[in-house]
Amino acid sequence: MAWHADVATSEPWKDLQVDAVRIDDGHHANCFPSSALYDRVVMDRNEIGVGLIGYGLGGRAFHAPYIVATPGMALRAVVSRDTAKVRSDLPAMRVVPTVEALLAEPAIDLVVVSSPDLLHAEHALAAIRAGKHVLVDKPFATTFADARRVAAEAVTRGRLLTVFHNRRWDADFLTLRRLIRDGILGEIAHVESHFDRWRPVPAATWKEARDGGSWLDLGPHLVDQALQLFGTPSGISADIATLREGSLATDYFNVVLRYPHRRVVLRSSKLAADHSLRFAVHGTRGSWIKHGVDPQESATVAGHMPGGDWGRDPIEGKFTDANGVSNAVANDRGDYRLFWAALAAAIRGEGANPVPASEALAVMEILETALCGS
């Protein structure tokens, strides 16, 4: 097996450029590795040992494949009650039944918390107190106070703490950031950012009954992107509601971030049969409309390993200028591997945290403010 990474670094690490990161063993570029291959990855003690708490959708699709694909990282243990499920993807993986057992593993340097939301703070605190670096899946916690406790503990213990705001590396978001940076749209006046779904019948899962509903599920992505582009708003207006019959949690939100000369609207509904609109952005020089979502999630959910032509969004947005002339805009390439490469470098002391706790706390503050005001 050969690992290849062409990396040009700059400060801060959020501007890290990785031209290619791939696994080439001739057979496993787009699937989970075989047991023999995985043994070789796990037993390299020079790599950052990673322990994963939880093997639901987040652990299976958003964390395990990227840990395996990241040079300098090795997934060494997973906390799960379903050993067969884990080993169907990772045949040689060590599966442990409890968080305590995972934290007792001396070869683990980084713990990824991908447990249900209500356990994020508890598991992150336990990992930090065990001397581990920690990556927490979104939401950071279910309350701003709990998120602050976790952040303070990381500072006290001198551990790296980051939050998985991976949507900073979506193709559509990177394209929008470039258009704004290059002045193509002029001064931005109005943004609509959508994560809509067509799920008219609530599923019988904990995610459909989670505290905060879709606002704490999808909202963290949209809030983080807005803060990255425009900074802290001067005010917030929120309409968060339950619209589906039988739903045990909120499934709709329309949250407006108010800036002096700009409005940023964050929207999600699970009753949107036509849910293709992702961004509608209007500025003094024109508008950019983008349909379709970044393909990385669907690829990993389907079981593909990051590699090859990864993160290329084939659905181009449309720019309409002040004269009404419209043209397609080529998408930047999305790549969640950038987050993981930056995280590995930060743990080695070679770069900054890709998502500092302070930025994740800013997201949590807006999430909680909107819930309290809705």
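The values are calculated or read from the model by the stated rules, or taken from the named source; none is laboratory data. Keep in mind it's a predicted model, so treat the numbers as computed, not measured. For neighbour counting, all protein chains shown are included, and Cβ atoms are generated from backbone atoms with ideal geometry for every residue, glycine included. Surface areas here come from the heavy atoms of the whole protein model, side chains and all, with no ligands, DNA or RNA. Shrake-Rupley method; radii C 1.70, N 1.55, O 1.52, S 1.80 Å.
So how much slack lies between THR205 and GLU245, counting 0.36 nm per residue of separation and subtracting their Cα-Cα distance, in nm? Could the numbers behind the result be given before it?
Numbers: separation 40, 0.36 × 40 = 14.40 nm, distance 1.56 nm.
So the chain would gain 12.8 nm between THR205 and GLU245.
Let me know the charge dipole size of the chain about its Cα centre in debye, to the nearest 20, where only the beta-carbon of Lys, Arg (+1) and Asp, Glu (-1) is charged.
Numbers: 40 positive and 45 negative charges, 63 e Å.
Dipole size: approximately 300 debye.
Among TRP310, SER269, ALA362, whose Cα sits farthest toward the positive end of the charge dipole of segment 253-374 (+1 at Cβ of Lys/Arg, -1 at Cβ of Asp/Glu, about the Cα centre)?
Checking the options against the dipole of segment 253-374, the answer is SER269.
Through the Karplus equation 6.51 cos²θ - 1.76 cosθ + 1.60, θ set to phi - 60°, convert the phi angles of segment 169-179 into ³J(HN,Hα) values in whole Hz; use x for Gly and Pro.
Karplus values, whole Hz, x for Gly and Pro: 10, 6, 4, 5, 5, 4, 5, 4, 4, 5, 4.
How long is the gain from GLU297 to ARG285 if the chain were fully straight, where each residue apart is worth 0.36 nm and the alpha carbon distance is subtracted? All intermediate terms of the calculation are to be shown ahead of the outcome.
Values: separation 12, 0.36 × 12 = 4.32 nm, distance 3.24 nm.
So the extension gain works out to 1.1 nm.
Would you compute, from DSSP H runs of 4+ residues alone, the mean residue ellipticity of the chain at 222 nm, taking -39500 (n - 2.57) per run and dividing by the full residue count, rounded to the nearest 500?
On the way: 12 runs with 112 residues, N = 374.
Only helices count here, giving -8500 deg cm²/dmol.
Take the solvent-accessible surface of the protein heavy atoms, probe 1.4 Å, and return the percent of it on segment 59-124 that carbon and sulfur atoms account for.
Values: 1250 of 2340 Å².
Accessible surface attributable to carbon and sulfur in segment 59-124 totals 53 percent.
Order 134-146, 205-217 from most to least packed using the mean count of other Cβ atoms within 10 Å. Before the final figure, lay out the partial values.
On the way: 134-146: 23.7, 205-217: 19.2.
Ranking, from highest mean packing down: 134-146, 205-217.
Taking N as the number of residues in segment 250-374, what is its alpha-carbon radius of gyration divided by 2.2 N^0.38 Å?
Numbers: Rg = 18.1 Å, N = 125, 2.2 N^0.38 = 13.8 Å.
Here the Cα radius of gyration is 1.32 times the empirical estimate.
In Å, what is the Rg of the alpha-carbon atoms in segment 214-259, and how long is Dmax?
12.1, 37
Principal axes first, then extents: for the Cα atoms of segment 111-258, list largest minus smallest coordinate on each axis, whole Å, largest first.
In descending order, the Cα extents are 48, 43, 28 Å.
When the expected Rg is taken as 2.2 N^0.38 Å, what fraction or multiple of it is the alpha-carbon Rg of the chain? Numbers along the way, then the final one.
Working: Rg = 20.4 Å, N = 374, 2.2 N^0.38 = 20.9 Å.
Here the answer is 0.98, to two decimals.
According to a simple spin-label model (label point 7 Å from Cα along Cα-to-Cβ), what is the distance in nm between ARG177 and ARG263?
2.7
How large, in percent, is the carbon and sulfur part of the accessible surface of segment 283-327 at a probe radius of 1.4 Å?
Numbers: 1180 of 2300 Å².
Result for segment 283-327: 51 percent of the exposed heavy-atom area is carbon or sulfur.
Consider just the alpha-carbon atoms of segment 55-186 and return their Rg together with their Dmax, both in angstrom.
16.8, 54
Can you return the lysines within cross-link range of LYS318? Criterion is Cα-Cα under 28 Å, with same-chain partners fewer than 8 residues away left out.
LYS14, LYS270, LYS290
Indicate, rounded to the nearest 5 percent, the antiparallel portion of the DSSP beta bridges found entirely in the chain. Write out the running numbers ahead of the final one.
Numbers: 43 of 68 bridges.
Roughly 65 percent of the beta bridges in the chain run antiparallel, per DSSP.
Enter the accessible area per residue of segment 246-307 (Å², integer; probe 1.4 Å; all protein chains in place).
Result: 41 Å² of accessible area for each residue.
Based on the mean of other Cβ atoms within 10 Å per residue, sort peptides 341-353, 83-95 so the most packed one is first. Walk me through the numbers before you get to the answer.
Values: 341-353: 18.9, 83-95: 17.1.
The packing order, highest mean first, is 341-353, 83-95.
Please compute P(r) over all alpha-carbon pairs of segment 259-309, binned at 5 Å starting from zero, and give each bin as a whole-number percent.
Answer for segment 259-309: a P(r) of 4, 13, 17, 18, 17, 13, 10, 5, 2 percent.
Please compute the contact order of the chain in relative form: average sequence separation of alpha-carbon pairs under 8 Å and at least six residues apart, divided by the residue count, as a percent. Walk me through the numbers before you get to the answer.
On the way: 780 pairs, mean separation 71.0, N = 374.
So the answer I get is 19 percent.
Under 5 Å between amide hydrogens, which residues at least 5 positions from MET73 or on another chain qualify, with H placed 1.01 Å from N in the peptide plane?
Answer set, sorted by chain and number: ILE48.
Would you list THR232, THR369 from the most to the least accessible area, probe 1.4 Å? Kindly include the intermediate steps, with their values, before the conclusion.
Details: THR232 115, THR369 70 Å².
Per-residue accessible area, sorted high to low, gives THR232, THR369.
Build a GNM of the chain with springs between Cα atoms under 10 Å: which of ASP313, ASP182, ASP239 gets the top mean-square fluctuation?
ASP182
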